[in-house]
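Participant: Have a look at the structure that comes next, please.
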Amino acid sequence: RDAKKELKDRVLPDLLAVDDDRARSAHELLSKRTPNRDAVKALVTGPGAEASGDLAVLQALANLQAPNPAAIDAAGARLIEAGAAAGSVSGTEAGQARSLASLLEQALSIHQHAGDQACPVCGAGTLDNTWKAKATKELEGLRTKAADADRVAREMADARQVFTALLTAPPPLLSRAGEVGLDSGDVLAAWMSLSSAGTELDPSKIAESSVTLTKAVDRLVAASRVQLNKREDAWRPSALMLASWLERSDQADRSAAQVETLKAADGWLQDEIEELRNERFSPIAEKARAVFEMMRHDSNVQLESVELEGAGTRRRVRLKVTVDGVDGAALGVMSQGELNALALSLFLPRATLDESPFRFVVIDDPVQAMDPNRVDGLARALEEAAKTRQVIVFTHDERLPASARRLGVPATVVEVQRRENSVVETMVTDEPVKRYLDDANALALTQELPEAVKAKVIPNFLRLALEASCHEVVWKRRLLKGASHTELENLLDDKRTKQLMALALFDDEGRAGDVMGKLNGWDRRLADAYREINEGSHGAAIGGYGQLVASTRTLVKRVREQA
């Protein structure tokens, strides 16, 4: 019912702006308290027969037809031919035959009834049997001659009737063309010219006037159709809105009986809606708790429940948290890092609902104020979200990419740099191990780089790659054993390459002396590479950088396999 009223209020001003009799009629109908829907429907769907006023004139002009030029030519030619034949018969013996035959028929009739007598015409002759025989024979000849004159006369009458029927007078409709802004003067002139040519029976004038009239009518018809199309284009949007109003009106009337039932049902539903809403929200709340649990790690804050309260425009979310098992208000007891984790816990379940049309999640700098343990939980939470969504994270903090690498979470890291004049550059960055190895290889392949520079830089890049792989192995192994981030940072802080290799290979930094033996056991070339990296990092001269980079790649791979 609301839609019906809203459509009516929208269409009424539009109808006033349309210069069309139908729009004016529709506006008058819809302005009434109870519009006549049948009358509105007739305006929307009615054919041309329903048109009146200017529209009716335009439709009639658009269907105007001139007398058929071919038919006029044929009828004119026939009339001229019949006229010529009549002219050739008139005044001749054949033309007089009918008169003489008529006179003889009357004389024979007198003789038949009165017998022999003097000729009543000349008085000198005698109407007797001899005359009768001669007159009867002569009558037969006259009748034959008169037949030609009769045929020509009938043909002339038929031809004139056909021709006259084609040369109709200009229709009164033409006088109304000016009412709709059209000029019918050339059509009227051409029509009158054709009528005059038909009266004169001039073939050339008939043909010329017929063609002229046809062209004039065609122009008037085309102009009428242009006007009609303009009116239809202006009327069509209003007609569509009226059609929608009619549909809504029908639906509203059909549904009127259900209103009271709906009101009762609505009252019942309002009583139940809070419970239904919480049931519907329950999976989201449970998932929010699971995400927070994933990110809280050693926090003493526990998210117990997420509930919806209120109704209408005063609805809100109530978070129930406990601190060491004691109830507390979330905002009052949680750190900034915990609040960030809580916000993400509420956001991710809703953003990844099946009903959501968005297949991506964008998060801005979620790592703020989070300690290292919580960053690992964030990486796991984002990995879970990435199973059904593309997850995009903006951050200035390197800890999240590092955490993803340590935990084996698949991620593409794009570095964004703003250069001079705010020129923005983006570059996909690899994990540190690969980046160091690729940089070393690029330097090894650079011909114009001095050997002294290569000797100083390439071994250091390879050492950094090897140490990064050791860090990765130790982090993965110790985290699985329950070590904290603080313990691991303290363990790996300020360690030399040999100690890191011992931790990676034996999980014991005191076994640095066993590293070479382990590597020789794998492959002597790997042990040689390890030695050259250490010596080169301390300034010793080495060569064969391309082979050294290749051997280091293999060494790094074997080290990583120890995780």
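The values are calculated or read from the model by the stated rules, or taken from the named source; none is laboratory data. This is a predicted model, so every value here is computed, not measured. Neighbour counts are summed over all protein chains in view; Cβ atoms, including those assigned to glycine, are modelled from backbone coordinates with ideal geometry. Only protein heavy atoms, including side chains, enter the accessible area calculation; ligands, DNA and RNA are left aside. Shrake-Rupley method; radii C 1.70, N 1.55, O 1.52, S 1.80 Å.
Participant: Give the long-range amide H neighbours of LEU127: residues separated by 5 or more places, or on another chain, with amide H under 5 Å away, using H modelled in the peptide plane at 1.01 Å from N.
Facilitator: Answer set, sorted by chain and number: GLN117, ALA118, CYS119.
Participant: For VAL413, what residues show an amide H to amide H distance below 5 Å, using hydrogens built from the backbone and excluding near sequence neighbours?
Facilitator: Counting only residues 5 or more places away or on other chains, the set is THR429.
Participant: Turning to a different aspect of this structure: Is the shape of segment 230-295 rounded, prolate or oblate, going by the alpha carbon gyration tensor and its root eigenvalues a ≥ b ≥ c, with a/c under 1.5 for rounded and a/b larger than b/c for prolate?
Facilitator: Verdict is oblate for segment 230-295.
Participant: In what sequence, largest accessible area first, do PHE394, PHE461, PHE292 appear using a 1.4 Å probe?
Facilitator: PHE394, PHE461, PHE292
Participant: At 7 Å along the Cα-to-beta-carbon direction for both PHE358 and GLU274, put a label point, then send me their distance in nm to one decimal.
Facilitator: Between PHE358 and GLU274, the label points sit 3.1 nm apart.
Participant: Which lysines, on any chain, are close to LYS498 with Cα under 29 Å apart, when same-chain ones fewer than 8 places away are left out?
Facilitator: Of all the lysines, those that pass the test against LYS498 - Cα under 29 Å, at least 8 places apart if same chain - are LYS434, LYS454, LYS456, LYS476, LYS481, LYS518, LYS557.
Participant: I've got another one for you. Given Cα pairs under 8 Å that are at least 6 residues apart, what percent is the relative contact order of segment 261-358?
Facilitator: Reported as a whole number, the value is 25 percent.
Participant: Over what distance in Å are the Cα centres of segment 474-534 and segment 376-453 separated?
Facilitator: First find each Cα centre; the distance between them is then 24 Å.
Participant: Could you tell me the relative contact order of the chain? Use alpha-carbon pairs under 8 Å, at least six residues apart, and round to a whole percent. All intermediate terms of the calculation are to be shown ahead of the outcome.
Facilitator: Details: 599 pairs, mean separation 56.6, N = 563.
It rounds to 10 percent for the chain.
Participant: Can you pull the three principal axis extents for the Cα set of the chain, in Å, largest first?
Facilitator: Principal extents (Cα only, largest first): 177, 76, 47 Å.
Participant: Separate question: Ordering ILE363, ILE80 by accessible area with a probe of 1.4 Å, largest first, what comes out?
Facilitator: Numbers: ILE363 15, ILE80 55 Å².
The ranking, largest first, comes out as ILE80, ILE363.
Participant: Starting from the Cα gyration tensor of segment 418-563, take the square roots of the eigenvalues, sort them a ≥ b ≥ c, and report rounded, prolate or oblate (rounded when a/c is under 1.5, otherwise prolate if a/b is larger than b/c, else oblate).
Facilitator: Cα axes put segment 418-563 in the oblate bin.
Participant: What's the Kirkwood radius of segment 493-563 in Å, using all Cα pairs?
Facilitator: 12.5 Å
Participant: Let me ask another. Collect residues whose amide H, placed 1.01 Å from N in the peptide plane, falls under 5 Å from the amide H of SER305; neighbours closer than 5 in sequence don't count.
Facilitator: Result for SER305 returns LYS320.
Participant: Additional query: Based solely on its DSSP helices, what 222 nm [θ] is calculated for the chain when runs of n ≥ 4 H residues each add -39,500 (n - 2.57) and the sum is averaged over all residues, nearest 500 deg cm²/dmol?
Facilitator: Numbers: 21 runs with 375 residues, N = 563.
About -22500 deg cm²/dmol.
Participant: Given an 8 Å cut-off on Cα distances and at least 6 residues of separation, report the relative contact order of segment 364-520 as a percent.
Facilitator: 15 percent
Participant: Report, largest value first, the span of the C-alpha coordinates of segment 376-459 along each principal axis, in whole Å.
Facilitator: Its Cα atoms span 50, 35, 19 Å along the three principal axes.
Participant: Let me ask something additional. Per residue of segment 302-308, what does 6.51 cos²θ - 1.76 cosθ + 1.60 with θ = phi - 60° give for ³J(HN,Hα)? Whole Hz please, x for Gly and Pro, Karplus curve as stated.
Facilitator: Once θ is set to phi - 60°, the couplings for segment 302-308 become 10, 7, 8, 7, 10, 10, 9 Hz.
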